[in-house]
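K.L.:
Before we start, here is the structure in question, set down as structure tokens.
The values are calculated or read from the model by the stated rules, or taken from the named source; none is laboratory data. The shown structure was predicted, so the numbers you read here are calculated from the model rather than taken from an experiment. When we count neighbours, we look across all protein chains shown, and the Cβ atoms used for this are built from the backbone with ideal geometry, even at glycine.
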């Protein structure tokens, strides 16, 4: 009996034990925040907005691992400038950046697929915040919240605009009403499969988002965040690409006349890029701190500059751009081209190509791999305006803007009074634009939208199959197909990533 | 006087005639056997041997003593002299019919087992020379596939039981149960038996976590009265096994390089240009990087154990030391394990077990890049200076360094350190209470703790990304776990019926704390986090997991002929959304011991056992990691020192358990007591597969967790054991096992993909899991030397193309094998035993990823290439039929395609060992019970067409890996081991 009684007691105790083992069944991760709780506090939406900026620089996990070569800005600059006539390829490599030089793109290449993916991750972030602010009814719309909302519209516009440059025909280089543009995502909850909008529709979205952004932002958080002027700068650039000259001029005017910015002078320009965050020329940049230093394996600087250890140092400033700058060695912009000399004073060559390193992405805090890349700066506004004036036939105003740049770059002795013989006004403006904005992700698109071919008649490994003994330093190369790329060649665009086409049968591939 | 003398004489005479016969009874291993019946034949006079195996019985000359003990062959002994002792050695009954099989929560005898179960005992596990259980199982159990993931010291193997039933990343290993409690740790030297549970009838009682099979380990306990010592020493020498992967020598690479200079017009090599860039002396410069970086290494293992038993108390104590030097520079592993198992029998009803297993290990690991640079460095570069010191190389070093990567990996290895330490302890407390004859209660409880710390340091003096800065990263992981399993056990017989069962509950919880720090800017000579002065980062988080269950099982048998087992279990886990986190798992198994039927016993004499089994059950799998159902933003980033949240996971509030329905039919037969044969046929269907379904990248997410689809694993397993020869002095056994598994997906609405490193696999109905979908390689264009892939046009016609972008991805192979198996054989003669095992696998494909770099058609002229297969050739001029394209016309030839997809079938001879047990006379002379010497060769030889390091390729899907894709790994090892085993 006693035994049975004991059993019963034990059993009851254990039963109670199960019930009262009130284990917490809802276990949330402690380093992540759920989408639901984001709208509970203002902090939530600010953090997500900051996250969109962070996506420009972060090495996000993709395909199951973090590839040091993958970050948004690295691809942004390389996929455009390595295809231009400003940077020469110094050696063959299996890194997909090589395909930009040779124009042998593949739908499989990791850098392009990553860029597309992160672009849309940014758009997802912005859509989440826009949705919460506009539709959830939980956030009060004060100045700060409007600023955040505006920043998100700006970031969405910027991401869309960048995607359009790489994956769609530029509006002036094709038939924008029928050419496929990009997939437009404007909410965080839409069907996964969606078709590409046309180029015209896509640019309309960019304009709409940037315009909305400009109207909302009145409380700038700093140059590392978007601002009203940054939205205007984006509009100026977008209208320039659309060849709507008057609007390009108007928005450039708004930025220049806002009084918030001044051009760096010739004496301060050499230290501009390493200290861009503190400079008055900067409109908007992405801030990197030491924690974001990607070193040899992932920094933007690594491919184009090395101190022997700091980077790969495989791509250099091309003969073509140096030829444009050779007439004026006093041009202060030479400071960003670092010639590597051998002990005997002659110029070092690697694999037969002379080494001219590029330092626009180096030396923040003295570190060869650290910089905060500038997305919009004042000199581009002058150049946008100049191009608009040039296309409108207004020579005086165009040259005035070009000279404004030259005055601040050590060329006060060589200002333009008129268009030199053998050149057009547009040539003058585009040449200045090339020298000023070199290596900042503009050149390839500036050529294409103006129907100019990409001419690379210099030795380099963009020529497939050559070996260093083929290089004849006394004679330029002839007969190779890669020397001239026509502005309307379909191989210019990158392929829509294979993953997208596989998972989204509504999306058409590029030819 | 005479009468007294007569009396005395009579008495004296009587003594020898009717006297105590004494002796000791031993088993065949020399252990004393208590409890043996010693009976005077023809009478009911009998005694039982005591705890020391001693007996003493009244007998006269000419009497026959009969020795009887369950499980042993009875022996008879005629008393010839009353003045000597009669020691007896008893042999185990070959049939082992009533051998106890440990099923986890309960024990059954082999007769009663109605499920697909395989048992290995400590003798079969003796060939373990590592702390890895996988290597002990390789090739021995049908349906168990063991893959050695890496030859790095301290790395374990991956085990798969009956195919792959799930496709999500996560823990895919079987569930381990140590001494009746889920989880736990153990050293292979302490294993008494190891049971593999394969079907739901057996695993059903483990419910939710038994989807992938269960491995039950029982550790040793004290058996005989006298303390028994066991000492084992094992010393081995191992060398790296590079398989078919050999890097070129200086002259071979020189010839390879000359191909870069073949003139596209004349098709001849332009020697003038070639020699201008590549001096002729290079052909004779040859430093064997791989050969020198991998050196023979010593492994040692020592184990000392003591076990004993008295009336109330039994114990087993054991300590093991394992030291495994790695073949690659600066790698190695050491481990110490200590176990103490004690059992105290308070009285007839209550006993208490206290088991403790503690282990500590440390190791030095390697950096993947150091090994990568070693393989790829050119033979023309010598890592040593003339004075024997290691060269320092970076991008600025004057002088010629041919390799593409301006870095000397030897220098980096000498000036960096990648070490790790672990410590863990498992404490089991088990209370068994006999309440009545048929009812008992047991409470099994375990507390576990483990901690791991790793340390990665690179000195600022190394070349490369940390030059001038150095690098330090330390990570610490602490895990606490507790489990309490409380059951009532029922056991009673009435007449021919026998019922047993259990019911109870189990509470299980674990908590993990993870933390890491990283920094650079280290002063030379210092390697701790405190001295880092720049780029300092921190991270860390903690997670909790709960798992509670209600468990019940009933077993019934009638007359030891008809058996039935049924179990029902309810599990609840914190891994699933709160309103969807409970599931129920039933199972049922039945068997019919045909050979116990009278009609069988009377008519069939050649078959000593025939059993028919069937089982059905449902198991589940909750292991997907916590909170996979939520929509999440990760806060682990920052922007200009402000908090930043990045979209991390797409929500799915419908996520729920995967459940597998398992059906198994089996037949066990034994002929003539010599041939043991089992056949199992199974069909396992896993529903609601949890998969990461790829999303279009334009969603901003690569994938989302969903329940999508089903996978069916069907197969057959055969196990044959033959005792070919058995005489007094010679015994020869052969065992063969074979398993064929076919894996088919179904119920998938829209085919989806997963890819790692550009290699993709498709998940669609009627295809196997891990089916590769890649552009199809067609070879080389005979006229142009360009690579060819297959393009499928819209109308279905196929044509070759040299434009990679036009190649159509197609299904070209799969990573799962068609069949696997193994065989083993042992021959013993007197004290010598020769034992060999082999394993084989057929029908799987491997993507040889290392060929992208090492077989690159000139895309990378300054990294070393692998020595080609003899039937490979490179295109030189129009009309050539070649396997490799012309270096002058090889655009995108190394892009992902079926070119690098190779057949991974293999036959491996795993172990050959020769052991010698010293005759008892000699060992007794040394005051030992047993002395056994063994010489063993491991990983003896592999036959395969796979042109890479090793056809054994990972089966795990994870961050850096994909099933069936092989990249560089730390090579496996060949070993020769010498082993001494002493029992005293």
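K.L.:
Would you mind stating whether residue B:548 is under 26 Å from residue B:658 (Cβ atoms) and in contact (Cβ under 8 Å) with a residue 60 or more places away in the chain? Working first, answer last.
P.N.:
Details: under 26 Å from residue B:658 (Cβ atoms): yes; in contact (Cβ under 8 Å) with a residue 60 or more places away in the chain: no.
Judged against the criteria, residue B:548 is not a match.
K.L.:
Looking at segment B:778-790 only, could you name the residues that are touching a strand residue (DSSP E or B) at 6+ places or on another chain (Cβ under 6 Å) and surrounded by fewer than 19 Cβ atoms within 10 Å (Cβ to Cβ)?
P.N.:
Within segment B:778-790, B:779 is the sole residue that qualifies.
K.L.:
With the checklist (1) more than 29 Å from residue B:829 (Cβ to Cβ); (2) under 29 Å from the mean Cα position of the chain (by Cα) in hand, flag the one item residue B:696 doesn't pass.
P.N.:
Answer for residue B:696: the failing condition is (2).
K.L.:
Also, quick follow-up: Any residue at all in segment B:874-891 that's within 14 Å of chain A (Cβ to nearest Cβ), within 34 Å of the chain's Cα centre (by Cα) and surrounded by fewer than 21 Cβ atoms within 10 Å (Cβ to Cβ)?
P.N.:
Within segment B:874-891, none of the residues are within 14 Å of chain A (Cβ to nearest Cβ), within 34 Å of the chain's Cα centre (by Cα) and surrounded by fewer than 21 Cβ atoms within 10 Å (Cβ to Cβ).
K.L.:
May I ask you to list the residues in segment B:829-885 that are in a strand (DSSP E or B) and either touching a helix residue (DSSP H, G or I) at 6+ places or on another chain (Cβ under 7 Å) or closer than 22 Å to residue B:812 by Cα (or both)?
P.N.:
Passing the criteria: B:841, B:842, B:845, B:846, B:847, B:848, B:866, B:874, B:884.
K.L.:
All but one of (1) at the interface with chain B (Cβ under 10 Å from one of its Cβ atoms); (2) surrounded by 13 or more Cβ atoms within 10 Å (Cβ to Cβ); (3) in contact (Cβ under 8 Å) with a residue 60 or more places away in the chain hold for residue A:471; which doesn't?
P.N.:
Checking residue A:471 against (1) at the interface with chain B (Cβ under 10 Å from one of its Cβ atoms); (2) surrounded by 13 or more Cβ atoms within 10 Å (Cβ to Cβ); (3) in contact (Cβ under 8 Å) with a residue 60 or more places away in the chain, the one that fails is (1).
K.L.:
Which condition does residue A:282 not pass, out of (1) touching a strand residue (DSSP E or B) at 6+ places or on another chain (Cβ under 7 Å); (2) within 24 Å of residue A:493 (Cβ to Cβ); (3) at pLDDT 95 or above, if it passes all the others?
P.N.:
All conditions pass for residue A:282, except number (2).
K.L.:
Here's something else I'd like to know. Looking only at segment A:47-59, count how many residues are within 8 Å of chain B (Cβ to nearest Cβ) and more than 16 Å from the chain's Cα centre (by Cα).
P.N.:
Residues meeting the conditions: 4.
K.L.:
Give me a count of the residues in segment B:264-273 that are touching a residue at least 12 places away in the same chain (Cβ under 8 Å) and either under 15 Å from residue B:887 (Cα atoms) or not in a helix (DSSP H, G or I) (or both).
P.N.:
2
K.L.:
Next question, about the same structure. Would you pick out the residues in segment B:741-756 that are touching a strand residue (DSSP E or B) at 6+ places or on another chain (Cβ under 7 Å) and part of a loop (DSSP other than H, G, I, E, B)?
P.N.:
Scanning segment B:741-756 gives B:747, B:748, B:751.
K.L.:
Run residue B:422 past the list (1) over 29 Å from residue B:456 (Cβ atoms); (2) surrounded by fewer than 19 Cβ atoms within 10 Å (Cβ to Cβ); (3) touching a residue at least 24 places away in the same chain (Cβ under 8 Å) and report the number of the one that doesn't hold.
P.N.:
With (1) over 29 Å from residue B:456 (Cβ atoms); (2) surrounded by fewer than 19 Cβ atoms within 10 Å (Cβ to Cβ); (3) touching a residue at least 24 places away in the same chain (Cβ under 8 Å) applied to residue B:422, the lone miss is (1).
K.L.:
Now a separate question. Restricting to segment B:264-287, and then to whatever is surrounded by fewer than 13 Cβ atoms within 10 Å (Cβ to Cβ) and more than 14 Å from every other protein chain (Cβ to nearest Cβ), can you tell me which residue is nearest to residue B:330 (Cα to Cα)?
P.N.:
The qualifying residue nearest to residue B:330 (Cα to Cα) is B:284.
K.L.:
Turning to a different aspect of this structure: If residue B:729 satisfies all but one of (1) free of Cβ contacts under 8 Å to residues at least 60 places away in the same chain; (2) farther than 19 Å from residue A:108 by Cα; (3) in contact with a strand residue (DSSP E or B) (Cβ under 9 Å, 6 or more places away or on another chain), what's the number of the condition it fails?
P.N.:
Exception for residue B:729: condition (1).
K.L.:
Separate question: Given the condition touching a residue at least 40 places away in the same chain (Cβ under 8 Å), surrounded by fewer than 24 Cβ atoms within 10 Å (Cβ to Cβ) and under 21 Å from the mean Cα position of the chain (by Cα), answer yes or no: does some residue in segment A:130-145 qualify?
P.N.:
no
K.L.:
I would also like to ask the following. Just to check your reading of the model, which residue among B:142, B:152 is more than 12 Å from the chain's Cα centre (by Cα), more than 29 Å from residue B:733 (Cα to Cα) and modelled with pLDDT of 70 or more?
P.N.:
One residue alone meets the criteria, B:152.
K.L.:
Here's another thing I want to ask about it. Here are some residues: B:509, B:540. Which one is closer than 20 Å to residue B:428 by Cα, surrounded by fewer than 19 Cβ atoms within 10 Å (Cβ to Cβ) and within 10 Å of chain A (Cβ to nearest Cβ)?
P.N.:
B:509
K.L.:
I would also like to ask the following. Looking at (1) out of contact with any helix residue (DSSP H, G or I) (no Cβ under 6 Å at 6 or more places or on another chain); (2) closer than 12 Å to residue A:49 by Cα, can you tell me which one residue A:130 breaks?
P.N.:
(1)
K.L.:
Go through the residues of segment A:111-123 one by one and say whether even a single one is farther than 24 Å from residue A:49 by Cβ, at pLDDT below 95 and either touching a strand residue (DSSP E or B) at 6+ places or on another chain (Cβ under 7 Å) or part of a loop (DSSP other than H, G, I, E, B) (or both).
P.N.:
No, there is no match, as no residue in segment A:111-123 is farther than 24 Å from residue A:49 by Cβ, at pLDDT below 95 and either touching a strand residue (DSSP E or B) at 6+ places or on another chain (Cβ under 7 Å) or part of a loop (DSSP other than H, G, I, E, B) (or both).
K.L.:
Same structure, new question: Only one of these conditions is not met by residue B:869: (1) closer than 30 Å to residue B:235 by Cβ; (2) modelled with pLDDT of 90 or more; (3) surrounded by fewer than 20 Cβ atoms within 10 Å (Cβ to Cβ). Which number is it?
P.N.:
So the condition that residue B:869 fails would be (1).
K.L.:
Surrounded by fewer than 21 Cβ atoms within 10 Å (Cβ to Cβ), touching a strand residue (DSSP E or B) at 6+ places or on another chain (Cβ under 7 Å) and more than 14 Å from every other protein chain (Cβ to nearest Cβ): which single residue out of B:652, B:603, B:673, B:596 fits that description? Walk me through how you get there before you give the answer.
P.N.:
Numbers: B:652 fails: more than 14 Å from every other protein chain (Cβ to nearest Cβ); B:603 fails: touching a strand residue (DSSP E or B) at 6+ places or on another chain (Cβ under 7 Å); B:596 fails: touching a strand residue (DSSP E or B) at 6+ places or on another chain (Cβ under 7 Å).
Sole residue among the options that is surrounded by fewer than 21 Cβ atoms within 10 Å (Cβ to Cβ), touching a strand residue (DSSP E or B) at 6+ places or on another chain (Cβ under 7 Å) and more than 14 Å from every other protein chain (Cβ to nearest Cβ): B:673.
K.L.:
May I ask you to say which residue of A:287, A:317, A:252 is in contact (Cβ under 8 Å) with a residue 40 or more places away in the chain, within 14 Å of another protein chain (Cβ to nearest Cβ), under 21 Å from the mean Cα position of the chain (by Cα) and on the phi < 0 side of the Ramachandran plot?
P.N.:
Selected residue: A:287, the only one of A:287, A:317, A:252 that is in contact (Cβ under 8 Å) with a residue 40 or more places away in the chain, within 14 Å of another protein chain (Cβ to nearest Cβ), under 21 Å from the mean Cα position of the chain (by Cα) and on the phi < 0 side of the Ramachandran plot.
K.L.:
Please work out if residue A:276 is within 14 Å of another protein chain (Cβ to nearest Cβ), within 18 Å of the chain's Cα centre (by Cα) and part of a helix (DSSP H, G or I).
P.N.:
Judged against the criteria, residue A:276 is a match.
Residues are listed down the side, and each one gets a yes or a no for (1) in contact with a helix residue (DSSP H, G or I) (Cβ under 6 Å, 6 or more places away or on another chain); (2) assigned to a strand (DSSP E or B):
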residue: B:234; (1), (2): no, yes
residue: B:237; (1), (2): no, yes
residue: B:245; (1), (2): no, no
residue: B:255; (1), (2): no, no
residue: B:258; (1), (2): yes, no
residue: B:275; (1), (2): no, no
residue: B:282; (1), (2): yes, no
residue: B:291; (1), (2): no, no
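K.L.:
With segment A:7-98 as the region, which helices (runs of 4 or more DSSP H) entirely inside it contain at least 1 residues that are modelled with pLDDT under 85? Before you say what the answer is, go through the steps one by one.
P.N.:
Working: elements: A:35-38, A:42-57, A:72-81.
It comes to A:35-38, A:42-57.
K.L.:
Something else now. Which of the residues spanning segment B:736-766 are farther than 13 Å from residue B:814 by Cβ, crowded, with 21+ Cβ neighbours inside 10 Å and away from chain A (no Cβ under 12 Å)?
P.N.:
B:737, B:739
K.L.:
Output the strands (runs of 3 or more DSSP E) that fall wholly within segment B:617-723 and possess 1 or more residues being within 29 Å of residue A:167 (Cβ to Cβ), or say none.
P.N.:
Because the criterion is at least 1 residues that are within 29 Å of residue A:167 (Cβ to Cβ), the strands (runs of 3 or more DSSP E) in segment B:617-723 that meet it are B:632-639, B:642-649, B:690-694, B:703-707.
K.L.:
Scan segment A:76-95 residue by residue and report those that are under 24 Å from residue A:446 (Cβ atoms) and within 14 Å of chain B (Cβ to nearest Cβ).
P.N.:
The answer is A:89, A:90.
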